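The values are calculated or read from the model by the stated rules, or taken from the named source; none is laboratory data. Everything numeric in this text was worked out from a predicted model, so none of it was measured. Glycine also receives a Cβ, built like all others from the backbone with ideal geometry; neighbour counts cover every protein chain displayed. In case anyone asks, the SASA skips ligands and DNA or RNA and just uses the protein heavy atoms, side chains included. Shrake-Rupley method; radii C 1.70, N 1.55, O 1.52, S 1.80 Å.
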Amino acid sequence: MSEEIEQLDCLIIGSGPAGYTAAIYAARASMNPVMYMGLQPGGQLTTTNEVENFPGYPEGVTGPQMMVELQQQAERFDTDVRHGWVTKVDFSGATHKVWVDEKKEIHAKTVIIATGASAKYLGLESEQKYLELGGGVSACAVCDGFFYKGQEVVVVGAGDSACEEAHYLSKLCTKVTMLVRRDQFRASKIMEARVRNTENIEILTNTSTQEVLGDGNVVTGVSAKNTETGEVKEIPATGFFVAIGHQPNTEVFKPYVELDEVGYIINQQPGTSKTNVAGVFVAGDAADKDYRQAVTAAGTGCMAALDAERYLAALGH
Ligand code: NDP
């Protein structure tokens with residue numbers, strides 16, 4: 001038997017810094033928000049070790065601890081934080097219908113999408129092992145680069161992200177090796193020129209990653225293969241940065257919410273959190289391919305809650 005339909009003023013989907021910040025603002029505005037945390041409660045930050053660039057933490061904080069504190073802050077104002085995964089939506093009418101775990105049906109006046117994006121990884125067993133150990137595999141140079149100061153690192157990828165990460169790391173590290181799988185970059189010419197003109201960045205084209213090498217705890221190097229010559233070489237490195245793109249977690253909204261060709265939600269009015277669906281707002285990385293920082297996600301979470309509050313006020317709430 002299906003459960004009774006639940007009526008809400010504000011539903012928040014996703015539990016990263018965007019979702020929690022939206023929850024704090026919405027709860028304090030008496031919108032009684034309900035949050036569904038998704039498959040990875042806390043979002044991408046739970047895969048980061050130390051967060052040192054979020055204002056207000058002078059000593060830094062671990063990603064998981066920060067998410068626990070954000071949850072506590074949201075719950076302090078009575079946000080109803082729940083486990084669950086949104087499996088279907090119907091945004092065709094004035095009431096936004098959302099199904100959680102295929103069975104529970106919710107009708108919400110406002111919906112804040114804060115489902116984030118997932119970094120893509122190569123999928124090598126050794127890569128996943130050191131990622132899980134927190135031992136030298138990362139998908140965010142701005143987050144983790146500092147820990148490799150004065151060391152040698154490898155970046156895989158050849159898009160704008162890879163170039164940006166390699167250039168950022170070149171200022172911290174003694175040497176950055178970029179592994180480019182084809183004989184050309186995908187990045188814009190200006191970004192490519194920037195890495196090519198940086199002395200301590202070595203670019204290896206036609207090169208694929210064979211294995212991430214390590215001592216069982218931390219990364220010690222990368223085994224790379226030249227796909228033209230078949231030559232395999234070991235590159236000493238303490239950090240392995242994967243920059244082969246992100247996938248926004250927006251598939252479920254696709255029939256109703258306008259997405260770009262990659263899947264990022266398009267802001268209908270730049271500078272707001274509005275989507276093409278009235279009453280549906282977006283915050284964080286689900287709409288952001290450029291900044292992708294916890295603090296920018298939090299900022300847009302605040303915007304989404306304020307936009308939702310104004311939308312409800314216009315409805316006479
Ligand atoms: P892209 O999809 O543009 O590039 C991904 C890169 O990773 C490509 O070079 C691709 O190689 C490579 N790649 C993919 N899979 C593998 C694999 N299995 N092994 C090795 N290499 C692989 O993603 P980005 O994140 O770089 O950029 C996404 C979007 O964001 C772009 O539109 C970009 O312009 C934008 N962006 C803009 C920035 C800025 O302007 N400051 C900064 C960052 C991103 P191949 O080319 O062979 O397919």
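General remarks:
- Selection status of Val176, open to solvent by less than 40 Å² (accessible area, probe 1.4 Å), within 25 Å of Tyr130 (Cα to Cα) and β-branched (Val, Ile, Thr): yes
- Whenever a residue of segment 229-252 is under 15 Å from Ser161 (Cβ atoms) and open to solvent by 40 Å² or more (accessible area, probe 1.4 Å), its partners that are basic (Lys, Arg) and assigned to a loop (DSSP other than H, G, I, E, B), lying with C-beta atoms within less than 7 angstrom and at least six residues away or across chains, give the pairs Ile244/Lys120; Gln247/Lys120.
- Each residue in segment 183-196 was checked for being under 18 Å from Val153 (Cα atoms), away from the ligand (no atom under 11 Å from the Cβ) and open to solvent by 40 Å² or more (accessible area, probe 1.4 Å), and 1 pass.
- Residue within segment 132-149 that is more than 16 Å from the ligand (Cβ to nearest atom), at pLDDT 95 or above, outside any helix (DSSP H, G or I) and of a type in the set (Gly, Ala, Ser) present: yes
- Selected residue (criterion: surrounded by the most Cβ atoms within 10 Å (Cβ to Cβ)) from residues of segment 253-276 that are among the aliphatic types (A, V, I, L, M) and more than 23 Å from Asp101 (Cβ to Cβ): Leu259
- Residue within segment 23-37 that is open to solvent by less than 20 Å² (accessible area, probe 1.4 Å), over 19 Å from Thr296 (Cβ atoms) and out of contact with any strand residue (DSSP E or B) (no Cβ under 7 Å at 6 or more places or on another chain) present: yes
- Residue match in segment 202-212 (condition: over 26 Å from Gln128 (Cα atoms), open to solvent by 40 Å² or more (accessible area, probe 1.4 Å) and within 13 Å of the ligand (Cβ to nearest atom)): no
- Look at (1) closer than 12 Å to Leu179 by Cβ; (2) part of a loop (DSSP other than H, G, I, E, B) and you find that Ile203 fails only one, number (2).
- Qualifying residue in segment 163-170 (condition: among the acidic types (Asp, Glu), within 17 Å of the chain's Cα centre (by Cα) and buried (at least 22 other Cβ atoms within 10 Å of the Cβ)): yes
- Single residue of segment 131-146 satisfying the filter (in contact (Cβ under 8 Å) with a residue 12 or more places away in the chain and surrounded by fewer than 16 Cβ atoms within 10 Å (Cβ to Cβ)) that is nearest to the chain's Cα centre (by Cα): Val142
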